[in-house]
1. Is there any pair linking a residue in the range 68-92 that is touching a residue at least 24 places away in the same chain (Cβ under 8 Å) and among the β-branched types (Val, Ile, Thr) to one that is loosely packed, with under 15 Cβ neighbours inside 10 Å and outside any helix (DSSP H, G or I), with Cβ under 8 Å and at least six apart or on different chains, and which?
2. I'm trying to understand the selection: among the residues of the range 30-60, which are open to solvent by 50 Å² or more (accessible area, probe 1.4 Å) and under 13 Å from the mean Cα position of the chain (by Cα)?
3. Kindly list, by first and then second residue, each pair from a residue in the range 1-22 that is at negative phi and touching a residue at least 40 places away in the same chain (Cβ under 8 Å) to a residue that is open to solvent by less than 80 Å² (accessible area, probe 1.4 Å) and outside any helix (DSSP H, G or I), limited to pairs with Cβ atoms under 6 Å and residues at least 6 apart or on different chains.
4. When residues of the range 32-44 are filtered for being closer than 14 Å to residue 69 by Cα and in contact (Cβ under 8 Å) with a residue 40 or more places away in the chain, how many remain?
5. So, of the residues in the range 7-22 that are among the hydrophobic types (A, V, I, L, M, F, W, C) and open to solvent by less than 50 Å² (accessible area, probe 1.4 Å), which turns out to be nearest to residue 86 (Cα to Cα)?
Amino acid sequence: MDLRPFEAALDEAATPVEASAVVLAALAAAEQVIQDLSTFLIHAGYRYPRDRRRTPDSPRRLIWSASSGLLAATATAEAGVEVALREEYDPAWGTNPTQSRTTLPPSPPPAAPSAPRP
């Protein structure tokens, strides 16, 4: 995926709203690739032996963590855009001390891989 058009559009963005539109467009364009790579990494994790010691740095867990990290990074970017848009359009946003501005849902657990493709 070539990100240069998005980078050029981002350089031309004059406001946070325009920048948000570019970021959302780039995320939308990359969504299928990110989902496919995440699924691939989950599947790849099953190719490594189970770590009987259950250490967090086993190849299987590290690969699964990378899969989850891809999805979490996308969610974090979308949350950043949401905050930027709320700050632009809702002046009262963030004035409520109980309102969390960076709370994201927890990362989903690794899904079971789909059946192997022929």
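1. 76/104
2. Initial filter on the range 30-60 (open to solvent by 50 Å² or more (accessible area, probe 1.4 Å)): 31-33, 35-37, 39-40, 43, 46-50, 52-54, 56-57, 59.
Result: 31, 32, 33, 35, 36, 37.
3. These pairs meet every condition: 19/13.
4. 3
5. So the first thing to find is which residues in the range 7-22 are among the hydrophobic types (A, V, I, L, M, F, W, C), and the list is 8-10, 13-14, 17, 19, 21-22.
Next cut, open to solvent by less than 50 Å² (accessible area, probe 1.4 Å) only: 9, 13, 17, 19, 22.
Details: 9: 22, 13: 18, 17: 10, 19: 14, 22: 16 Å.
Per the stated criteria, the residue is 17.
The values are calculated or read from the model by the stated rules, or taken from the named source; none is laboratory data. Only a predicted model underlies this, so the values are computations on that prediction, with no experimental measurement involved. Note: ideal-geometry Cβ built from the backbone for every residue, glycine included; neighbour counts use all protein chains shown. Each accessible area value is taken on the protein alone, full model and side chains, heavy atoms only, with ligands, DNA and RNA left out. Shrake-Rupley method; radii C 1.70, N 1.55, O 1.52, S 1.80 Å.
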